[in-house]
């Protein structure tokens with residue numbers, strides 16, 4: 001056990017935990033960030049994606065010790081932002097959501113992509129979300145949604 | 001009146017995008033114990049002895065001896081035990097649960113359990129037929145006596161895993177005699193009935209609630225009845241809330257999959273025409289029958305695809321093997337059969353040196369034709385329109401010509417498909433007898449009370465649209481919560497592309513009568529139940545009559561490039577046209593079209609799963625590859641209205657249709673690209689290399 005301090009959605013958190021615990025489990029079981037989903041547990045599906053110092057990571061692959069003094073944003077924090085609102089609208093309009101289980105992770109991936117590249121091409125969007133599996137939509141409506149958000153959210157990213 | 005197809009914002013977008021939607025693993029409302037399943041490591045063995053370590057306080061074993069009722073999962077046959085007793089029949093078969101507070105302690109306990117097995121010889125070959133069906137139409141025998149030539153090919157298809165992104169999960173609580181199960185499920189009443197049976201208790205003692213479902217595709221049709229039964233038995237023994245959530249490996253290894261198949265088709269050819277057709281479908285059922293017989297019958301009924309063949313003989317078998325039981329998966333036997341018949345029609349044409357397109361056109365079913373089971377295609381069939389539209393969208397003719405040269409390694413393929421909507425045969429009337437309820441409360445809100453589950457296909461939105469449009473009230477005045485068997489009647493399972501057509505039809509009828517009875521400030525309740533149209537007759541024993549009340553139709557065109565070096569396939573384009581009657585929400589149907597078709601394409605060229613001595617070899621998403629965003633082309637889809645008189649606003653089934661034509665379309669495209677006949681899906685680079693190197697055609 002060790003005292004581990006980090007920032008979660010702009011709040012400083014300090015917890016006593018084994019540094020080897022998966023960040024995903026700590027986020028869900030202890031901090032009730034249930035928007036962070038477990039789909040595969042091996043870093044392949046992206047359902048557990050969060051932002052770690054602004055970069056997308058799969059929280060099932062991150063030991064808690066690695067987030068010491070770092071900043072984590074989950075969907076619970078991200079949904080308070082203007083960027084989220086723009087993406088949410090775009091996802092809704094384009095029909096990008098079916099079962100919804102991949103959606104929070106997909107939103108995080110969309111944000112991570114747009115931060116780096118505010119005007120991505122279709123191909124760049126495909127590459128940008130290729131670490132997030134979706135079994136319902138066939139991806140195209142998600143791709144259109146990100147494209148739409150990049151246009152409507154002009155200046156936000 | 002506005003067009004119901006005009007898309008609206010789905011009612012659950014907000015909660016799903018924000019991460020607020022509650023899936024089964026998201027319940028932290030009370031302190032749940034965790035359950036883990038101890039499983040067989042052998043495909044066939046006798047359990048001689050189990051050496052179990054003593055348990056720390058607060059930890060429990062739950063096995064067959066704790067079951068109050070009969071040790072079977074109530075599905076169709078009483079063949080699959082909830083916990084193995086003396087024998088195990090597949091790798092991963094559940095033997096017992098370990099239940100307790102700490103997952104790590106549970107794992108330690110599991111490691112120290114020693115099971116002494118007497119290992120027996122497993123069966124993997126297709127030799128023990130557990131279900132056999134046979135039917136015929138016309139006089140196939142005569143056709144096979146008087147012919148110019150016989151053309152015969154074998155086709156085979158592999159496993160397919162649903163790979164919903166949310167693994168299986170169930171949780172339960174107990175209060176006195178009453179157990180409540182909350183699960184990621186498609187069929188609340190299947191679960192309820194199975195639990196009543198395993199606990200040997202009364203209806204009032206079992207409550208089943210749906211959590212938000214993170215994808216299902218058939219994988220959460222019958223399988224969750226097993227976990228619910230296990231959990232219910234544990235709840236009775238332990239009397240505390242329990243969670244049973246699978247991780248991905250466990251989910252892939254032990255849950256139902258699409259049946260691998262071997263299909264033999266034979267045509268008796270006379271004067272360059274099909275005089276008769278023989279079909280034999282063999283499905284690998286796995287260790288227990290479950291729904292395999294029903295899957296087989298859907299496959300058999302689809303044996304002639306979209307074509308009218310006058311003389312037909314059909315046989316089918318489900319084989320018992322010592323492998324994980326196979327079960328429901330979007331399409332339910334039709335994807336295997338439609339792959340085989342579409343390839344076969346093309347292969348016959350090629351062997352006869354007739355243009356495949358012209359050859360297939362010649363046999364296209366027309367309105368009033370007899371179906372494969374001597375029923376009637378009663379409603380207008382718009383295949384010609386669908387085909388011409390798809391060909392125009394994809395520039396099919398030009399591309400077929402352009403890619404004729406062997407060395408181009410490009411190809412275009414087109415599949416024609418149909419899908420019978422709703423349950424096969426008289427299932428709706430005899431097995432389900434769906435009931436629905438609408439309640440208007442004294443606050444003028446209308447509650448939709450049905451057991452249909454929204455698993456992403458948008459049923460919450462579409463049902464609300466139907467009711468709103470009929471009652472001419474805003475969507476916000478309609479309440480449709482996740483089904484809870486304490487409040488909703490049994491409107492049947494959420495399967496078989498029946499939800500909108502059958503349940504939606506009943507909801508529409510209920511809404512019409514509610515409109516007439518509407519009294520301001522008072523509660524009004526309206527019930528409706530299913531009545532089979534009189535003209536639909538079905539002889540289940542002989543497969544004679546109308547197997548389905550209606551059919552949806554579709555055309556898929558797929559264009560591929562195959563690498564000359566690695567034989568890797570790139571899907572360049574995908575164009576589809578569908579007749580689903582009438583879309584209740586166009587964007588929702590287009591979403592079904594994209595996602596379903598991509599699953600069908602995956603089945604056709606990408607998704608490989610095998611077992612080795614009964615052990616599934618691909619147990620995670622690193623090994624079992626499904627399409628990602630970079631594997632997916634843009635997809636263009638056009639819907640053509642062809643309203644079905646008995647569906648709400650003319651709607652028929654739509655969920656399965658886009659999947660069933662994926663495999664033949666991509667396989668035909670690859671066939672052109674590599675200039676070798678394809679008989680097996682998924683068409684992997686290894687198979688292509690073998691075909692090309694062996695020169696087998």
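Read-outs: derived from the displayed coordinates by stated rules, not from any lab. Just so you know, these numbers come straight off a predicted model, no measurement behind them. Here the Cβ positions follow ideal geometry from the backbone for every residue, glycine too, while neighbour counts run over all protein chains shown.
Structural descriptor for region B:427-529: relative contact order 43 percent, calculated from alpha carbon pairs under 8 angstrom and at least 6 residues apart.
Mean per-residue shielding of peptide A:25-37 is 3, counting Cβ atoms of other chains within 10 Å of each Cβ. Counting every C-alpha pair in region B:319-472, the share spaced more than 28 angstrom apart comes to 49%. From the alpha carbon centroid of region B:408-427 to that of region B:78-114 is 40 Å. Three semi-axes describe the equivalent ellipsoid of region B:52-145; taken as square roots of 5 times the Cα gyration tensor eigenvalues and ordered largest first, they are 44, 16, 11 Å.
With viscosity 1.567 mPa s and temperature 4 °C, the Kirkwood radius over alpha carbon pairs of region B:240-286 converts through Stokes-Einstein to a diffusion coefficient of 87 µm²/s.
Pairwise Cα distances in region A:2-74 exceed 13 Å for 60 percent of all pairs. For the peptides B:602-614, B:44-56, the ranking by mean Cβ contacts within 10 Å, running from highest to lowest, is B:602-614, B:44-56. Using the alpha-carbon atoms, what tilt in degrees (0 to 90, nearest 10) does helix A:140-152 show relative to the longest principal axis of chain A? Helix A:140-152 and the main axis of chain A meet at about 90 degrees. For region B:437-519, the pair-distance distribution built from all alpha carbon pairs, in bins 10 Å wide starting at 0, is 18, 57, 23, 1 percent. A protection proxy built from the mean count of other Cβ atoms within 10 Å ranks the segments B:160-168, B:87-95, most packed first, as B:160-168, B:87-95.
Extension gain for residue B:369-residue B:384 works out to 3.9 nm (0.36 nm per residue, less the C-alpha to C-alpha distance). Oblate is the label for region B:1-46, because a/c, from the alpha-carbon gyration tensor with a ≥ b ≥ c as root eigenvalues, is 1.5 or above and a/b does not exceed b/c. Is the C-alpha gyration tensor of the protein assembly as shown telling us rounded, prolate or oblate? Criteria: a/c under 1.5 is rounded; beyond that, a/b larger than b/c is prolate, otherwise oblate. Note, shape of the protein assembly as shown comes out rounded. Modelled this way, with points 7 Å down the Cα-to-C-beta line, the labels at residue B:444 and residue B:481 are 2.3 nm from one another.
Gyration tensor over the Cα atoms of region B:286-367: the corresponding equivalent ellipsoid has semi-axes (square roots of 5 times the eigenvalues, largest first) of 30, 13, 11 Å. Report summary: the helix-based calculation at 222 nm, which adds -39500 (n - 2.57) for every DSSP H run with n ≥ 4 and divides by the residues of chain B, gives -8000 deg cm²/dmol.
For a modelled paramagnetic label at residue B:30, 7 Å from Cα along Cα-to-Cβ, the residues of region B:225-252 in reach, with backbone nitrogen under 19 Å, are B:228-245.
For the residues of A:138-147, the average number of beta carbons from a partner chain within 10 Å of their own beta carbon is 6. Looking at chain B alone, DSSP beta bridges between its own residues are antiparallel in about 80 percent of cases. Let me make sure I get this right: for chain B, a, b and c are the square roots of the gyration tensor eigenvalues over alpha carbons, sorted descending. Under 1.5 in a/c it's rounded, otherwise prolate if a/b > b/c, else oblate. Which is it? Oblate is the answer for chain B, as a/c is 1.5 or above yet b/c matches or exceeds a/b. Between residue B:515 and residue A:80, the simple spin-label model (points 7 angstrom out along Cα→Cβ) gives 4.7 nm.
Altogether, the Stokes-Einstein calculation at 37 °C and 0.692 mPa s, with the Kirkwood radius of region B:1-102 over Cα pairs as Rh, returns a diffusion coefficient of 185 µm²/s.
Annotation: peptides B:532-538, B:15-21, ranked by per-residue average of other Cβ atoms within 10 Å with the highest first, follow the order B:15-21, B:532-538. Estimated from the Cβ-Cβ distance and a Förster radius of 45 angstrom, the FRET efficiency linking residue B:141 and residue B:401 is about 0.65. Taking the centroid of alpha carbons for each part, region B:570-627 and region B:498-536 are 34 Å apart.
Taking the centroid of alpha carbons for each part, region B:211-228 and region B:371-400 are 34 Å apart.
Among the residues of B:153-165, the average count of other protein chain beta-carbon atoms within 10 Å of the residue beta-carbon is 2.
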